[in-house]
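Structure first, commentary second.
The values are calculated or read from the model by the stated rules, or taken from the named source; none is laboratory data. It should be emphasised that the depicted structure is a prediction, and the values quoted were computed from it without experimental measurement. Because the Cβ atoms are built from the backbone with ideal geometry, glycine has one as well, and the counts that use them run over all protein chains shown. All accessible areas refer to the heavy atoms of the entire protein, side chains included, with ligands and DNA or RNA removed. Shrake-Rupley method; radii C 1.70, N 1.55, O 1.52, S 1.80 Å.
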Amino acid sequence: MKGNRTLTIIKPDAVQNGNTGNIIQKITDAGFKIIAMKYSHLSTSQAGKFYAVHSERPFYQELVHFMTSGPVVPMILEKENAVESFRNLIGATNPANAAEGTIRKAYATSVERNAVHGSDSDENAAIEGSFFFSTLEQF
Ligand code: ADP
Ligand code: MG
């Protein structure tokens with residue numbers, strides 16, 4: 001059975017560009033319920049851990065630098081088949097390939113500065129959810 005939660009982050013580019021409200025509106029219009037949300041500024045060590053899976057990729061250091069360049073808005077979202085449904089809503093990693101109507105098509109400015117994160121599996125959604133939110137903050 002598919003899980004019903006995913007983890008997103010509104011990334012520093014989108015927060016800086018004033019798109020936080022527009023992105024939250026798109027998310028709730030698409031039927032996602034916000035279970036947890038905060039405004040936070042990642043340290044280098046936190047961003048490095050969050051993206052540890054990419055540590056061997058050539059863009060890793062730049063990515064960590066970008067993700068610590070300003071505040072972010074992590075959220076736990078709930079909807080049926082949340083992971084896949086949210087990946088469809090945000091569109092392809094590279095906005096040049098993102099479909100019309102997706103969040104990245106609307107707000108991403110490059111493959112790196114692509115406005116939002118979305119978990120890629122139920123397992124990672126759970127890991128990433130606990131990365132940002134303690135069980136006390138969740139309900
Ligand atoms: P996604 O966020 O769509 O799951 P990945 O997990 O492959 O994409 O990559 C994580 C993040 O790393 C991307 O969202 C983007 O910010 C950055 N990134 C991915 N590929 C590149 C690249 N070729 N150059 C620069 N940054 C990249
Ligand atoms: Mg990914």
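Eigen-decomposition of the gyration tensor built on the alpha-carbon atoms of the range 5-132 gives equivalent ellipsoid semi-axes of 20, 17, 14 angstrom, largest listed first. Distant-in-sequence amide contacts of V116, defined by a placed amide H-H separation under 5 Å and a gap of 5 or more residues or a different chain, comprise K11. Helix-only arithmetic for the chain: the sum of -39500 (n - 2.57) across DSSP H runs with n ≥ 4, divided by the residue total, places the mean residue ellipticity at 222 nm at -10500 deg cm²/dmol.
Here the peptides 82-88, 54-60, 99-105 are ranked by packing, the mean other Cβ count within 10 Å, and the order with the highest first is 82-88, 99-105, 54-60. Would you please classify the overall shape of the range 46-97 from the alpha carbon gyration tensor, given that a ≥ b ≥ c denote the square roots of the eigenvalues, rounded means a/c under 1.5, and beyond that prolate means a/b larger than b/c while oblate covers the rest? Prolate, since a/c reaches 1.5 and a/b exceeds b/c. For the range 81-139, the solvent-accessible area works out to 52 Å² per residue, with a probe of 1.4 Å and every protein chain left in place.
Around the amide H of I35, modelled in the peptide plane, lie the amide H atoms of I76, L77, E78, all under 5 Å away and 5 or more residues distant in sequence or on another chain. Karplus-based coupling profile of the range 100-115, in residue order and whole Hz: 3, x, 7, 5, 5, 4, 7, 10, 6, 10, 6, 4, 7, 8, 10, 6, with θ = phi - 60° in 6.51 cos²θ - 1.76 cosθ + 1.60 and x standing for Gly or Pro.
Backbone phi angles across the range 57-68, fed through the Karplus curve with coefficients 6.51, -1.76 and 1.60 (θ = phi - 60°), yield HN-Hα couplings of 7, x, 8, 4, 5, 4, 5, 5, 4, 4, 5, 9 Hz in residue order; Gly and Pro are listed as x.
Legend: residue pairs K11/K105; K2/K49; K26/K79; K2/K79, Cα-Cα distance threshold 18 Å; pairs beyond threshold, K2/K49.
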